[in-house]
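Worksheet: the structure to be examined is printed underneath.
Derivation of every value follows stated rules applied to the coordinates shown; laboratory data play no part. Everything numeric in this text was worked out from a predicted model, so none of it was measured.
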Amino acid sequence: MPFVNIRIVKEVIAADPKGKKARISQAVTDAITRETGLTKNDVWVVFEEVLARDWYVGETDVETLRSKG
């Protein structure tokens with residue numbers, strides 16, 4: 001049973017979190033089932049939302065990187 005853990009910056013999906021998660025989950029599930037022959041009920045998808053200020057690239061948080069443009 002595939003288990004997909006998606007970590008995403010919370011602000012990226014803030015406008016429509018439920019809808020965006022559903023569409024992402026569907027696309028990931030479709031890709032896995034298409035390539036493996038498993039059923040959709042065999043694929044588990046979990047989202048972990050991380051604030052931009054808590055996600056770092058090197059020594060700089062994403063919030064700061066985005067504010068610099």
| field | Within the chain, helix-based [θ] at 222 nm, where runs of 4 or more DSSP H residues each add -39,500 (n - 2.57), nearest 500 | value | -12000 deg cm²/dmol
| Please state the relative contact order of segment 3-67 as a whole percent: Cα pairs under 8 Å, 6+ residues apart? | 43
| Angle, helix 17-36 long axis vs. longest principal axis of the chain, Cα atoms, 0 to 90°, nearest 10? | 50
| Which of (i) 13.5; (ii) 13.1; (iii) 12.3 is the computed Kirkwood radius over Cα pairs in Å for the structure on display? | (i)
